[in-house]
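Okay, so here's the structure we're looking at.
The values are calculated or read from the model by the stated rules, or taken from the named source; none is laboratory data. These numbers were taken from a predicted model, which means no experiment stands behind them. Reconstructed Cβ throughout: ideal geometry from the backbone, glycine too, with neighbour counts over all protein chains shown.
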Amino acid sequence: MKKVLAIIGARPQFIKHFPLELAAKNKVDLLTLHTGQHYDENMSNVFFNQLGMSEPNFQLNIGSGTHGVQTAKMIIEIESVCLREKPDGMLVYGDTNSTLAGAIVSSKLHIPLFHVEAGLRSYNKSMPEEVNRIMTDHVSSLLFIPSEVSKSNLLKEGIESGVHMVGDIMKDIVQYVSINNLGQNPEVEAPYIYATLHRPYNVDIKERLKSILTELNLLPEKVIFSRHPRTKNKMETLQLNDEDYPNIVFIEPQGYLENMGYLMNCSRLITDSGGMQKEAYWLKKQCITIRSETEWVETLEQDANTLVFDDLSTIKDLFKLSPTWSNSLYGDGNASEQIINTINDYLS
């Protein structure tokens, strides 16, 4: 079997890696390298325990740091592993610093790079993720895309070779959890709104974060706020107190199955996450995204997802919408099998 080194480091990448790991059995010798970009217990190790995912073959424990420092440390360590293991290919997910570090190492060592979730564009280069995904796409041998929009984005940049439409691998795991009834039921009474926020432009500036919390506090339903460590630290630093927002129940970051349980049972989602916009769509939950743009533009159709950024007071008005969803958006939930088979064909 051909040896492929998969790079993971952030919570969404653990989620994407799980179905691909299942699909790779007896087909690809899949080694996993965990950079340690996310090191919070609920955002990394718990995921391995909950779904029985294999422990990583290599654990770098890089941790936090500036973008430059963090990425540089990853490059050094990933290169060392590649020189020792000599993989036939390298696989990366999404758009994190771990993704970019893997892409740089693969290009320098001439290892074929396989990019899962290629072709996404927000067209906002102030987001580090946008730069990461563009650079990764341009050095990839195989680009696994979720939609026609992704294909069009790549064509605009002159990328035609190696592009494969497979759908979204996160749909594989959402279907797996739903079919096997694995979502953990939350210990809260419905109805409630589920909220997650972590992006710097939403949580780093006191007036911005205070405005968001004020609007959430005024909503007609209770808000369950799964608070990212970054958001919690910022609230403490900026002296924004939990008790000033009695309609918001702040909870710790959730493991994947607990998070899915809250999402499955909520009335709607308010988030700035990329992945959760899709999860909400597949679970037929109205999503309100506190961003000025989204990579997942297809979710905006039929009011399933709505962007809100400057005028936060409009959030409550969106409750009047009657969204509809398409069951076929982003594939059929079989992306992981298609990815592994395509990699096998390529390496053969």
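Look through segment 268-290, keep the residues that are farther than 17 Å from GLU215 by Cα and polar (S, T, N, Q), and return whichever of them is modelled with the lowest pLDDT.
Of segment 268-290, the ones farther than 17 Å from GLU215 by Cα are 273-286.
When the remaining residues are screened for being polar (S, T, N, Q), the result is 273, 277, 286.
Values: SER273: 92, GLN277: 96, GLN286: 98.
So, considering only residues that are farther than 17 Å from GLU215 by Cα and polar (S, T, N, Q), the one modelled with the lowest pLDDT is SER273.
Can LEU182 be described as in contact with a Phe, Trp or Tyr (Cβ under 9 Å, 6 or more places away or on another chain), modelled with pLDDT of 95 or more and either outside the structural domain of THR96 (by TED's automatic domain parsing) or among the basic types (Lys, Arg) (or both)?
Values: in contact with a Phe, Trp or Tyr (Cβ under 9 Å, 6 or more places away or on another chain): yes; modelled with pLDDT of 95 or more: no; either outside the structural domain of THR96 (by TED's automatic domain parsing) or among the basic types (Lys, Arg) (or both): yes.
No: the conditions fail for LEU182.
When LYS151, LYS125 are checked against the criterion of being part of a loop (DSSP other than H, G, I, E, B), in the same structural domain as HIS17 (by TED's automatic domain parsing) and closer than 23 Å to GLU298 by Cβ, a single residue qualifies: LYS125. For segment 271-295, the candidate set comprises residues that are touching a Cys at 6+ places or on another chain (Cβ under 8 Å) and of a type outside the set (Ser, Thr, Tyr); within that set, the residue that is nearest to TYR192 (Cα to Cα) is LYS285. Taking the listed residues THR71, THR99, THR136, the one that is surrounded by fewer than 24 Cβ atoms within 10 Å (Cβ to Cβ) and more than 19 Å from GLN277 (Cα to Cα) is THR71, with no other qualifying. Taken over segment 213-243, the residue count meeting the criterion of being outside any helix (DSSP H, G or I), out of contact with any strand residue (DSSP E or B) (no Cβ under 7 Å at 6 or more places or on another chain) and closer than 21 Å to ASP310 by Cβ is 3.
Can you pull out every residue in segment 189-212 that is out of contact with any strand residue (DSSP E or B) (no Cβ under 6 Å at 6 or more places or on another chain) and under 15 Å from ILE251 (Cβ atoms)? Once the filter is applied, which keeps residues that are out of contact with any strand residue (DSSP E or B) (no Cβ under 6 Å at 6 or more places or on another chain) and under 15 Å from ILE251 (Cβ atoms), segment 189-212 yields GLU189, LEU197, HIS198. Of LYS316, LYS285, all but one fail to be basic (Lys, Arg) and crowded, with 19+ Cβ neighbours inside 10 Å; the exception is LYS285. The lone criterion from (1) among the polar types (S, T, N, Q); (2) over 23 Å from ILE15 (Cβ atoms); (3) surrounded by fewer than 16 Cβ atoms within 10 Å (Cβ to Cβ) left unmet by THR306 is number (3).
Kindly check whether there is at least one residue in segment 224-231 that is of a type outside the set (Asp, Glu), touching a residue at least 60 places away in the same chain (Cβ under 8 Å) and over 12 Å from TYR245 (Cβ atoms). Walk me through it before giving the result.
Of segment 224-231, the ones of a type outside the set (Asp, Glu) are 224-231.
Remaining after also requiring touching a residue at least 60 places away in the same chain (Cβ under 8 Å): 229.
Now drop any that are not over 12 Å from TYR245 (Cβ atoms), which leaves 229.
Yes, segment 224-231 contains a residue that is of a type outside the set (Asp, Glu), touching a residue at least 60 places away in the same chain (Cβ under 8 Å) and over 12 Å from TYR245 (Cβ atoms).
Would a scan of segment 210-220 turn up a residue that is within 16 Å of the chain's Cα centre (by Cα) and either outside the structural domain of THR66 (by TED's automatic domain parsing) or of a type outside the set (A, V, I, L, M, F, W, C) (or both)? Give the derivation first.
Keep residues of segment 210-220 that are within 16 Å of the chain's Cα centre (by Cα), which gives none.
No, because not a single residue in segment 210-220 is within 16 Å of the chain's Cα centre (by Cα) and either outside the structural domain of THR66 (by TED's automatic domain parsing) or of a type outside the set (A, V, I, L, M, F, W, C) (or both).
Any chance you could count how many residues in segment 155-176 are touching a residue at least 12 places away in the same chain (Cβ under 8 Å) and either surrounded by 20 or more Cβ atoms within 10 Å (Cβ to Cβ) or on the phi > 0 side of the Ramachandran plot (or both)? Full working, then the answer.
Of the residues in segment 155-176, the ones touching a residue at least 12 places away in the same chain (Cβ under 8 Å) are 157, 159, 162-176.
Narrowing further to those that are either surrounded by 20 or more Cβ atoms within 10 Å (Cβ to Cβ) or on the phi > 0 side of the Ramachandran plot (or both): 162, 166-174.
Selection size over segment 155-176: 10.
Test PRO246 against the stated conditions and say whether it is at pLDDT 95 or above, part of a loop (DSSP other than H, G, I, E, B) and either within 14 Å of ILE212 (Cβ to Cβ) or assigned by TED's automatic domain parsing to the domain that holds LEU197 (or both). Can you show your working first?
Numbers: at pLDDT 95 or above: yes; part of a loop (DSSP other than H, G, I, E, B): yes; either within 14 Å of ILE212 (Cβ to Cβ) or assigned by TED's automatic domain parsing to the domain that holds LEU197 (or both): yes.
Here the answer is yes, as PRO246 does meet what is asked.
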